[in-house]
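A short worksheet on the structure shown next.
The values are calculated or read from the model by the stated rules, or taken from the named source; none is laboratory data. Being a predicted model, the structure only gives us computed values, none of them experimental. Every residue, glycine as well, gets a Cβ built from its backbone with ideal geometry; the counts of neighbours run over all protein chains shown. Quick note on the areas: whole protein, heavy atoms, side chains included, nothing else; ligands and nucleic acids left out. Shrake-Rupley method; radii C 1.70, N 1.55, O 1.52, S 1.80 Å.
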Amino acid sequence: MIIDGYSAVIQYDPEIEMFRGEFTGLNGGADFYAKDIDNLKREGEISLRVFLDACRERGIAPKKTFSGKFNVRIPEDLHADIVNAACAEGKSLNQWVAEALRREASA
């Protein structure tokens with residue numbers, strides 16, 4: 001779910017019989033609950049507004065910053081396969097992986 005340009009992951013919690021939303025990529029926690037989607041969006045807007053107001057008051061940037069680097073452990077044979085695939089396309093391993101991740105993230 002996207003609310004005012006911020007992404008939230010939505011899950012159903014069967015113990016409380018409600019949907020739970022949690023914003024991702026923030027410098028803190030902002031979650032929200034409701035029994036249906038319309039109310040979930042409304043509660044999300046409220047939760048986000050409270051979070052953003054608190055960030056402004058404290059002088060904190062609301063979004064996390066990312067370095068663009070992370071380590072991934074994969075099996076040796078997969079590593080060899082993706083190096084070969086990258087070479088076959090005339091790309092660096094980094095470029096090939098970044099493109100594959102971008103495709104998956106936007107799917």
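Figures for the structure shown
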{"quantity": "In the range 12-47, residue farthest from LYS63 (Cα to Cα) [restricted to those that are in contact with a Gly (Cβ under 8 Å, 6 or more places away or on another chain) and open to solvent by 60 Å² or more (accessible area, probe 1.4 Å)]", "calculated": "TYR33"}
{"quantity": "PHE70 being of a type in the set (Phe, Trp, Tyr) and in contact (Cβ under 8 Å) with a residue 12 or more places away in the chain", "calculated": "no"}
{"quantity": "Subset tally (residues that are open to solvent by 70 Å² or more (accessible area, probe 1.4 Å) and touching a helix residue (DSSP H, G or I) at 6+ places or on another chain (Cβ under 9 Å)) for the range 2-11", "calculated": "1"}
{"quantity": "Inter-residue pairs, beta-carbon under 9 Å, first within 18 Å of VAL72 (Cα to Cα) and in the range 85-96, second assigned to a loop (DSSP other than H, G, I, E, B), 6+ apart", "calculated": "ALA85/LYS91; ALA86/SER92; GLN95/GLU89; TRP96/GLU89"}
{"quantity": "Residue tally, condition within 21 Å of VAL9 (Cα to Cα) and either open to solvent by 90 Å² or more (accessible area, probe 1.4 Å) or in a helix (DSSP H, G or I) (or both), over the range 56-72", "calculated": "4"}
{"quantity": "Enumeration of residues in the range 73-83 that are surrounded by 12 or more Cβ atoms within 10 Å (Cβ to Cβ) and not acidic (Asp, Glu)", "calculated": "HIS79, ILE82, VAL83"}
